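S.K.: Input: one structure, supplied below.
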């Protein structure tokens, strides 16, 4: 088979994902075949309700053969899911379904070559049950990967937080030289392998204006010495105040801005890029992407959601 398949896990069955999936696949042609893992019956009924008419092909998991997959149709691996309503409130009732969907995706990944994995949004509160900070950590654990990073990618400017879904009061406890070095190296490796160049990385401080009222601030004790160390083999500079690094004339100097915590860098990026960004997990033995949005259950069934981020994710993996 010339092009490897793109695996898409539907994630939370009661979300906007089916809508943005249908919008992304409607009238768009891709070189790589797409395999969706989820409820065949639910997708079919949601598709009809949202007034889409896409051709689909049901795949038998027991006789999975990528050579026979049609890239002109939606290929679905059916996961049993009992439902009364095609759109409903998110609850724990879908947890087994979501887990099974991911388990099958992981099994395929471990035994076949794929272009990459895309997963739909999952309710962290209901599915993760505080066992993991986020889906990035959940997926990394399934492949026993301890060194990983969340890169919110845009072709003009990307961001990577040192800490992800961590309460703000705990952030300073996780800022250390190793975490900065590990994530910086992953960023460099990704850009070198995917785009064949070394990215310019700007690093933020932790405290406002990179200052604090005590002598051993994180900037002085940890961040600045680490940047000096990394400069020997990486195009990196900082620390810069987080309140000004994203200004137009400042951010254009960098390919990636490495921040100390989630909202410090994701908030400005989403303000600048909107849905024109995708979440890539670095450090895995495959490319994993999630669209830059959540389940947004209040919008399900309305056919008004923006599908741009998912379409970008598919195009990013689609072989040229």
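Coordinate-derived values only; no laboratory data. Please read these numbers as outputs of a predicted model, since none were measured by experiment. Positions of Cβ are backbone-derived with ideal geometry, glycine not excepted, and every protein chain shown enters the neighbour counts.
S.K.: Once you order the gyration tensor axes a ≥ b ≥ c over the Cα atoms, which shape class does region 104-189 get: rounded for a/c under 1.5, otherwise prolate or oblate by comparing a/b with b/c?
M.R.: Verdict is oblate for region 104-189.
S.K.: Taking only Cα atoms, what is the 0 to 90° angle, nearest 10, from helix 308-317's long axis to the longest principal axis of the chain?
M.R.: That helix lies at roughly 90 degrees to the long axis.
S.K.: Compute a Gaussian network model of the chain, connecting alpha carbons closer than 10 Å, and tell me which residue from 13, 291, 225 fluctuates the most.
M.R.: Highest fluctuation among the options: 225.
S.K.: Using only Cα atoms, tell me the angle between helix 262-273 and the longest principal axis of the chain; keep it within 0 to 90° and round to the nearest 10.
M.R.: The answer is roughly 70 degrees.
S.K.: Could you give the length gained on full extension between residue 126 and residue 243, defined as 0.36 nm per residue of separation minus the Cα-Cα distance, in nm? Kindly include the intermediate steps, with their values, before the conclusion.
M.R.: On the way: separation 117, 0.36 × 117 = 42.12 nm, distance 3.38 nm.
Here the segment from residue 126 to residue 243 would lengthen by 38.7 nm.
S.K.: Taking only Cα atoms, what is the 0 to 90° angle, nearest 10, from helix 177-195's long axis to the longest principal axis of the chain?
M.R.: 50
S.K.: Using the alpha-carbon centroid of each, what span in Å lies between region 104-121 and region 200-230?
M.R.: Computed from Cα coordinates, the inter-centre distance equals 38 Å.
S.K.: Any chance you could tell me what percent of the C-alpha pair distances in region 251-320 go past 21 Å?
M.R.: Counting pairs separated by more than 21 Å, the tail of P(r) holds 37 percent.
S.K.: Would you please give the FRET efficiency between residue 84 and residue 189, computed as 1/(1 + (r/R0)^6) with r the Cβ-Cβ distance and R0 = 45 Å, to the nearest 0.05?
M.R.: Approximately 0.45, to the nearest 0.05.
S.K.: Sticking with this one: So if R0 is 56 Å, what FRET efficiency would residue 92 and residue 67 give, r being the distance between their Cβ atoms, rounded to the nearest 0.05?
M.R.: 0.90
S.K.: Indicate the gyration tensor shape class of region 1-103 (rounded, prolate or oblate), computed on the Cα atoms with a ≥ b ≥ c the square roots of the eigenvalues: a/c under 1.5 is rounded; otherwise a/b larger than b/c is prolate and the rest oblate.
M.R.: oblate
S.K.: Also, quick follow-up: Summarise the long-distance tail of P(r) for the chain by giving the % of C-alpha pairs beyond 27 Å.
M.R.: 45
S.K.: To the nearest whole percent, what portion of all C-alpha pairs in region 150-278 is separated by more than 17 angstrom?
M.R.: Value for region 150-278: 54 percent of Cα pairs lie more than 17 Å apart.
S.K.: Between 218, 12, 55, find the one with the highest GNM mean-square fluctuation for the chain; connect C-alpha pairs within less than 10 Å.
M.R.: 55
S.K.: Taking springs between alpha-carbon atoms closer than 10 angstrom, which of 102, 43, 66 fluctuates most in the Gaussian network model of the chain?
M.R.: The residue with the greatest mean-square fluctuation here is 66.
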